[in-house]
Amino acid sequence: MNVKRAPLTTKEDQHEPGRAASAEHDEHYLPPRKTVHPTEKEKWLRFFYRSLLWIFILLVAGLLAWGWKLVKA
């Protein structure tokens, strides 16, 4: 249910139409939704990549330890 409302203007704004439009725009300006509410996808993507990095580091450390164990034996 969209109801168009006439913008509230003063006598000064009626003489300068550009000023009234910019004032109305500034009063009702909302930032993009993405900046206010970041997506959960980005948060999970960061978690996924960090977990892959740690798995890789642990794998390399485990293989090095296993290799040293085999070399010493």
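Details
- Full extension of the chain between TRP54 and ALA73 gives 4.0 nm of extra length, using 0.36 nm per residue less the Cα-Cα distance.
- Per-residue packing, averaged as other Cβ atoms within 10 Å, sorts the ranges 58-70, 27-39 into the order 58-70, 27-39, beginning with the highest.
The numbers here are math on the coordinates, done by the rules we state, and not lab data. Keep in mind it's a predicted model, so treat the numbers as computed, not measured. Here the Cβ is made from the backbone with ideal geometry for all residues, glycine too, and neighbour counts use every protein chain on show.
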